[in-house]
1. When you scan segment A:36-43, do you find a residue that is more than 28 Å from the chain's Cα centre (by Cα) and among the aliphatic types (A, V, I, L, M), even just one?
2. Where residues in segment B:137-155 are more than 9 Å from the chain's Cα centre (by Cα) and assigned to a loop (DSSP other than H, G, I, E, B), which of them is surrounded by the fewest Cβ atoms within 10 Å (Cβ to Cβ)?
3. If B:LYS101 satisfies every condition in (1) more than 13 Å from chain A (Cβ to nearest Cβ); (2) in contact (Cβ under 8 Å) with a residue 24 or more places away in the chain; (3) closer than 25 Å to B:LEU129 by Cα but one, which is the exception?
4. Please specify each residue of segment B:22-43 satisfying the condition of being among the hydroxyl-bearing types (Ser, Thr, Tyr) and either surrounded by 10 or more Cβ atoms within 10 Å (Cβ to Cβ) or touching a Lys or Arg at 6+ places or on another chain (Cβ under 9 Å) (or both).
5. Go through segment B:78-123 and report how many residues are within 16 Å of the chain's Cα centre (by Cα) and assigned to a strand (DSSP E or B).
6. So, of the residues in segment A:94-111 that are surrounded by fewer than 16 Cβ atoms within 10 Å (Cβ to Cβ) and either touching a strand residue (DSSP E or B) at 6+ places or on another chain (Cβ under 6 Å) or among the β-branched types (Val, Ile, Thr) (or both), which turns out to be nearest to the other protein chains (Cβ to nearest Cβ)?
7. Among what's in segment A:47-93 and is farther than 15 Å from B:ASP132 by Cβ and of a type in the set (Gly, Ala, Ser), pick the residue that is surrounded by the fewest Cβ atoms within 10 Å (Cβ to Cβ).
8. Restricting to segment B:44-62, and then to whatever is loosely packed, with under 11 Cβ neighbours inside 10 Å and among the hydroxyl-bearing types (Ser, Thr, Tyr), can you tell me which residue is farthest from the other protein chains (Cβ to nearest Cβ)?
Amino acid sequence: MINLLLKTLVSIVFLFVITLTNASANYVDTYTFQDPVTEKRFNELNKELRCPKCQNQNLSGSNSPIAQDLRREVYELLDQGKADIEIMNYMVARYGEFVLYRPRVNSLTYILWFAPVVLILIGVLVIVFIVRRKPIARKEVELSLDQQDKLKALLKDKDR
Amino acid sequence: MNTLIRFLPLILVLALGGVLYRGLSLDPKNIPSALIGKAMPAFSLTKLTDKSQIITEDDLKGKVVLINVWGTWCVYCKYEHPYLVDIAKSGRVALYGLNYKDERIAANQWLKDYEDPYVFSIFDESGRLGVDLGVTAAPETFVIDDKGIIRMKYVGPIDGRIWQDNFLPIIKKIENEYQANQKQGEE
């Protein structure tokens, strides 16, 4: 028992170590930044923006030529003193909403953003409905006189 | 009412199944271009054949303008090349090339080795005009009308069937609009 517990514990710790050291490969360009804040913004933007060619990789995770080009664009826009939102808009104007990993709230994405909330509400309503429903009334069954006599006779029969 | 509630879960599951089944046949790579209906972005780059000659968006002239993004590194560009030659010879559209992330000497040699279907090619070594156009790779082809508005983008190589199905309808539409405008001008 203790053996099993120990094993489980060790695997959990191991898992944590793997997640913390983060095995994902980030491509490092040789960009130099004016200050650490800009560098941090650069890395954050590259995580938020999706590579338009590679379907499910962000800019920092892809080394396709287009991802390299877009990282260069992000770097230059930051260098020009553009705000994060301006850089996002710049990318959306060229590559569409597809490049955003967190889609914006608009008429196309309402269902994406609000469907989970609506579904949870429906679930809660269903539970409330089931819990509060009155139990089905049971009909009181009364025996007729004849039947009562029969019952008594049967019970007497058994006692003997 | 009661039977409806009883069948509601089944109906919901079938509806969800329908949506998911539809998703199976959709192509996730088919991303609509963000530039449809917008003007051709401004640029100032050199001609592929002559590095001293600057070209801008005003140099792309024609009733229907096609911009074909190509490179010597692009395998499918070779596949679509004979079709592009045919399209250029038909004279119905003005076909321009955008030599994308390539080397000038290699690209010029490529055009010499095969055949140059383009009125001229724009030399975009850094891929900057490519970014402005939302290009992700080559080949891609843009259809632009006489007012300089981008009307369509096709991702992938052109062949006879794609030309028929994807390009001719929009080209006809642009030609009709052009004729209607001409008539209005005369009246």
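Since every read-out is calculated from the coordinates, none of them should be taken as a lab result. Keep in mind the model is a prediction, meaning the values are calculated, not measured. Using ideal geometry, Cβ is built from the backbone for each residue, glycine included, and neighbour counts are taken over all protein chains shown.
1. Within segment A:36-43, one or more residues are more than 28 Å from the chain's Cα centre (by Cα) and among the aliphatic types (A, V, I, L, M).
2. Taking the candidates together, the pick is B:LYS147.
3. Failed condition: (1).
4. B:SER33, the sole residue that qualifies.
5. So the count comes out to 9.
6. A:ILE111
7. A:GLY81
8. Step by step, filter segment B:44-62, then rank; the result is B:SER52.
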